[in-house]
Amino acid sequence: MQKVEKLGKKATIQSYLMIAGTVIGLIVFVVIPLIWIMRWCLFSYKGYGAVRFVGLDNFVRVFARSDKFWLAVGNTFIFAFGKLLVEIPLALALAYILTRKLRGRNFFRSVFFMPSMFSVAVIGVIFTYLFNHNQGVVNAVIEALGGTGVKWFASGTTAMILLMIASVWQNFGINMLFFMTGMQSISPEIYEAASIDGASHKRQFVGITIPLLGPVMQMVLMNAILGSLKVTDLVLTLTNGKPSGKSEVMMTYIYKRFFGEGGGAAMDYGYGAALTIVTAIILTIVTLIYLKVTKKSSDIY
């Protein structure tokens, strides 16, 4: 029977100090806000005047009288899955290409990853400049070719497409690096054996690379899905939900309930708290479904 050594007093204090930052951060940024939200969801408060207890009325309002919120929910899922249909295959394809022995591959790795380091404010300015109706670069090119400029931000459809393009441009580089890391961890001997058996590069990619990337793919997809469903700052800086809320997403809709759409006119803490809880439930359901569906991919190794 092995003897268990006890930590000395100094080592014990050091251990508690090492985890203190994480625990304090968890309490300050997760536990306290959660308690605050759970409290306010039962009250009505506009940021001024009296606080009224309304019980579950805020939740009744969410499900019975919140058409704009459910439009935002629909927009969020369209945005998330629409952009991921492009972002993930693009990142995977580029990762596969850039793990091969190509001249200048380090340069292209840096270029593709660079947008991930830009702040959302910068990305918003870039895409506003590119797609501005009057002075945008894209419309200038279209008009130079004899076409008519497009009012990109005047339609909900084009506004959502621009948001997807901006998000793909911002995030595909970091996903590419994750895939590259996973590919480089696969033993070269497996590919050598497949080559001896006559497997083509395409066959090796489909039969070896994709299956062995299962755990990495599960992690990347989950982060990408949740990150896309929680998108806030990109929408606020690029479209702010315009036109007429047609590019509004869940998080920006909730944000405006707490901080107002202009002059604090739309502030409603109780309703915003109820929306936050409903949104958290939606994200939890999506996560559980995703983990259930992709359970086998994490068992590859």
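The values are calculated or read from the model by the stated rules, or taken from the named source; none is laboratory data. Keep in mind it's a predicted model, so treat the numbers as computed, not measured. As a convention, Cβ positions derive from the backbone with ideal geometry for all residues, glycine included, and neighbour counts pool all protein chains shown. Keep in mind that these areas ignore ligands, DNA and RNA; they rest on the heavy atoms of the full protein, side chains included. Shrake-Rupley method; radii C 1.70, N 1.55, O 1.52, S 1.80 Å.
Each row is one residue, and each column tells you yes or no for (1) closer than 30 Å to Val286 by Cβ; (2) crowded, with 18+ Cβ neighbours inside 10 Å; (3) touching an Asp or Glu at 6+ places or on another chain (Cβ under 8 Å).
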{"position": "Gly25", "(1), (2), (3)": "yes, no, no"}
{"position": "Tyr48", "(1), (2), (3)": "no, no, no"}
{"position": "Ala91", "(1), (2), (3)": "yes, yes, no"}
{"position": "Arg103", "(1), (2), (3)": "no, no, no"}
{"position": "Phe107", "(1), (2), (3)": "no, no, no"}
{"position": "Ser110", "(1), (2), (3)": "no, no, no"}
{"position": "Phe113", "(1), (2), (3)": "yes, no, no"}
{"position": "Phe118", "(1), (2), (3)": "yes, no, no"}
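Can Ile13 be described as modelled with pLDDT under 90, part of a helix (DSSP H, G or I), over 29 Å from Gln218 (Cα atoms) and open to solvent by less than 30 Å² (accessible area, probe 1.4 Å)? Judged against the criteria, Ile13 is not a match.
Total residues in the range 102-140 satisfying the condition of being more than 18 Å from the chain's Cα centre (by Cα), part of a helix (DSSP H, G or I) and of a type in the set (S, T, N, Q): the figure is 4.
A quick yes/no check of all residues on (1) surrounded by 18 or more Cβ atoms within 10 Å (Cβ to Cβ); (2) under 26 Å from the mean Cα position of the chain (by Cα); (3) without any contact (Cβ under 8 Å) to a residue 12 or more places away in the chain:
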| position | (1), (2), (3) |
| --- | --- |
| Gly55 | no, no, no |
| Asp67 | no, yes, yes |
| Leu71 | no, yes, no |
| Phe79 | yes, yes, no |
| Val86 | no, yes, no |
| Leu94 | yes, yes, no |
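The rows are residues; the columns are (1) within 28 Å of Ile277 (Cβ to Cβ); (2) aromatic (Phe, Trp, Tyr); (3) part of a helix (DSSP H, G or I); (4) out of contact with any Ser or Thr (no Cβ under 6 Å at 6 or more places or on another chain).
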{"position": "Ile24", "(1), (2), (3), (4)": "yes, no, yes, yes"}
{"position": "Pro33", "(1), (2), (3), (4)": "yes, no, yes, yes"}
{"position": "Ala72", "(1), (2), (3), (4)": "yes, no, yes, yes"}
{"position": "Asn75", "(1), (2), (3), (4)": "yes, no, yes, yes"}
{"position": "Phe81", "(1), (2), (3), (4)": "yes, yes, yes, yes"}
{"position": "Glu87", "(1), (2), (3), (4)": "no, no, yes, yes"}
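Condition first: small (Gly, Ala, Ser) and open to solvent by 60 Å² or more (accessible area, probe 1.4 Å). Now tell me which residues in the range 122-147 satisfy that. Listed by number, the residues that qualify are Ala144, Gly146.
Does Val150 satisfy being surrounded by 18 or more Cβ atoms within 10 Å (Cβ to Cβ), within 30 Å of Pro243 (Cα to Cα) and of a type in the set (A, V, I, L, M, F, W, C)? Answer is no for this residue. Residue-level check: of (1) surrounded by fewer than 11 Cβ atoms within 10 Å (Cβ to Cβ); (2) at pLDDT 90 or above, Lys6 misses just (2). With the condition kept exactly as written, say whether any residue in the range 101-110 is farther than 14 Å from Ile174 by Cα and touching a residue at least 60 places away in the same chain (Cβ under 8 Å). So far as the range 101-110 goes, no, none of its residues is farther than 14 Å from Ile174 by Cα and touching a residue at least 60 places away in the same chain (Cβ under 8 Å). In this entry, Gly260 passes the filter for residues that are within 25 Å of Arg39 (Cα to Cα) and either surrounded by 14 or more Cβ atoms within 10 Å (Cβ to Cβ) or touching a strand residue (DSSP E or B) at 6+ places or on another chain (Cβ under 8 Å) (or both). When the range 173-196 is filtered for residues that are within 20 Å of the chain's Cα centre (by Cα) and either open to solvent by 20 Å² or more (accessible area, probe 1.4 Å) or modelled with pLDDT under 85 (or both), the ones remaining, listed by number, are Ile174, Leu177, Phe178.
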